[in-house]
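First the structure, in the form of structure tokens, and then the observations on it.
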Amino acid sequence: ADLVQGNAFQPDAWRRFFVGAMVSNYGKSVTNWEIVPPADLDPRHPESPFRYVQLLTLAHKAARDANAAARAGISIANYDLEFLDATLRDGAVGQFDFVSLSPFPVSSGTDHLLPGALAAVRKLMTLHGLPAEMPVHITLTGSESELIAAAATARSGGFDKVFIEASAETLAGIPEDS
């Protein structure tokens with residue numbers, strides 16, 4: 001579905017895709033929706049944060065209409081705090097229930113950055129009047145050895161949920177308690 005054309009959010013296309021296909025099929029059973037900005041929504045375009053807020057608002061309402069227990073999450077790719085800040089300024093406050101850093105690429109020696117990432121996100125949230133205890137999730141990518149260290153750091157560092165994006169072979173080598 002063409003959800004964005006020339007950086008112009010297409011609410012009817014999004015409504016057909018998200019509300020028509022996703023929520024109508026899965027809305028009663030899915031309680032957590034991560035609302036990922038479409039790939040063709042350029043985060044550096046000045047209208048993109050506002051366009052994403054429109055998408056997030058529509059998705060949050062549709063998910064809640066289908067299931068009162070549903071939660072929608074704002075998705076921030078590549079730890080883009082500027083985009084998160086702009087999105088919050090453009091009206092995202094109140095339109096999501098959790099924050100998801102997705103994906104957060106991990107390479108050798110970067111797992112120590114995770115606590116700082118969480119602290120920065122929480123500080124930005126409180127600056128915009130959001131509760132500091134709002135859940136923050138993270139999706140990690142990287143090699144098996146890097147993910148073992150990063151997953152343990154993320155879990156012990158306070159992230160509410162840690163997801164690992166990797167091949168089946170890589171996942172098989174990561175202990176569940178790491």
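Ordering Ile148, Ile174, Ile76 by accessible surface, largest first, gives Ile148, Ile174, Ile76; the 1.4 Å probe counts only protein heavy atoms, with every chain in place.
Of interest is the spacing of the C-alpha centroids, which for the range 30-92 and the range 121-178 amounts to 19 Å. Taking the 1.4 Å solvent-accessible surface of the range 69-178 as the whole, the part contributed by carbon and sulfur is 55%.
Among the lysines, which have Cα under 21 Å from the Cα of Lys61 when same-chain residues fewer than 8 positions away are ignored? Counting by Cα, and skipping residues close in sequence, Lys61 has these lysines nearby: Lys28. Quick one: which residues, 5+ away or cross-chain, put their amide H under 5 Å from the amide H of Phe163? H built at 1.01 Å from N. Sorted by chain and number, the residues that satisfy this are Ile138, Thr139, Leu140. Accessible surface for the range 39-100, divided over its residues, is 42 Å² per residue with a 1.4 Å probe.
The values are calculated or read from the model by the stated rules, or taken from the named source; none is laboratory data. If you're wondering where the values come from, they're calculated on a predicted model, not measured in any experiment. SASA here: full protein model, heavy atoms, side chains in, ligands and nucleic acids out. Shrake-Rupley method; radii C 1.70, N 1.55, O 1.52, S 1.80 Å.
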